[in-house]
Amino acid sequence: MKQVISCIDQSFGQESSELFNSFPEGFKNYLRQSVEFERIHATISGNTSQSDSYLKRFYSWFDAFQVFKYAHYFRDFCRPNVEVYDGVTRFFKKAEGLEFQGGRRDLLYWLRKRCRESPRHLL
């Protein structure tokens with residue numbers, strides 16, 4: 001998602017095809033299957049003359065709903081299904097070097113405790 005946002009933030013003045021080609025492959029596939037990106041981008045670009053107004057219009061289209069649609073597409077078509085336990089333990093190992101030793105219930109209790117102690121620092 002960071003790469004997508006970075007491409008969007010630098011896209012003022014670009015042709016639709018240039019912006020499209022700068023996106024990661026998974027996002028390009030999402031756009032191909034779910035929206036008429038060239039038409040949308042042409043409308044946004046054609047109605048703006050400054051970067052600020054362009055980005056405001058772009059993010060009015062690429063809002064939370066579009067982000068969720070993309071997240072679901074990415075989950076369904078770009079990544080393998082992973083058990084929650086495996087994904088969470090892998091995440092904390094990579095992010096914080098924590099090797100979790102315990103079962104699924106132990107992990108749930110550990111996450112709840114961590115969230116209660118410091119909700120802003122769960123991740």
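Throughout, read-outs are computed from the coordinates displayed, never taken from laboratory work. Note that the structure is predicted; figures quoted are calculated from it, not measured. FYI the Cβ positions are ideal-geometry reconstructions off the backbone, even for glycines, and counts take in every protein chain you see.
Full extension from Lys69 to Asn21: what is 0.36 nm times the residue separation minus their Cα-Cα distance, to one decimal in nm?
Details: separation 48, 0.36 × 48 = 17.28 nm, distance 2.02 nm.
Using 0.36 nm per residue and subtracting the Cα-Cα distance, I get 15.3 nm.
Could you work out how far apart the two model spin labels at Arg79 and Asn29 are, taking each label as a point 7 Å from the Cα in the direction of the beta carbon, and quote it in nm?
A separation of 1.4 nm, rounded to one decimal place.
Please give the net charge around Ser16, taking every other residue with its beta carbon less than 11 angstrom from that of Ser16, where Lys and Arg add +1 and Asp and Glu add -1.
Working: positive: Arg39; negative: Glu15, Glu18, Glu36, Glu38.
So the environment of Ser16 carries a net charge of -3.
So how far apart, in nm, are the two label points at Phe100 and Ser53 if each is 7 Å from Cα heading toward Cβ?
Placing both labels 7 Å along Cα→Cβ, they lie 5.0 nm apart.
If the limit is 23 Å between Cα atoms, which of Lys69/Lys93; Lys28/Lys93; Lys2/Lys69; Lys93/Lys113; Lys69/Lys94 go over it?
On the way: Lys69/Lys93 28 Å; Lys28/Lys93 30 Å; Lys2/Lys69 16 Å; Lys93/Lys113 18 Å; Lys69/Lys94 27 Å.
Going by Cα-Cα distance, Lys69/Lys93; Lys28/Lys93; Lys69/Lys94 fall outside the 23 Å limit.
By the scheme Lys and Arg +1, Asp and Glu -1, what is the net charge of all other residues having a beta-carbon under 13 Å from that of Lys56? Let's see the in-between values first.
Values: positive: Arg57; negative: Asp9, Asp52, Asp63.
Net of charged neighbours comes to -2.
GNM on the chain, C-alpha springs below 10 Å: top fluctuator among Gly97, Gly26, Gly46?
Among Gly97, Gly26, Gly46, the largest mean-square fluctuation in the Gaussian network model of the chain belongs to Gly97.
How large is the helix-only mean residue ellipticity at 222 nm for the chain, computed as the sum of -39500 (n - 2.57) over DSSP H runs with n ≥ 4, divided by its residue count, in deg cm²/dmol to the nearest 500? Walk me through the numbers on the way to the answer.
Values: 8 runs with 87 residues, N = 123.
Calculated from helices alone, the mean residue ellipticity at 222 nm is -21500 deg cm²/dmol.
All other residues with a Cβ under 13 Å from the Cβ of Pro80 taken together, and with Lys, Arg as +1 and Asp, Glu as -1, what is their net charge?
Working: positive: Arg75, Arg79, Arg90; negative: Asp76, Glu83, Asp86.
Result for the neighbourhood of Pro80: 0.
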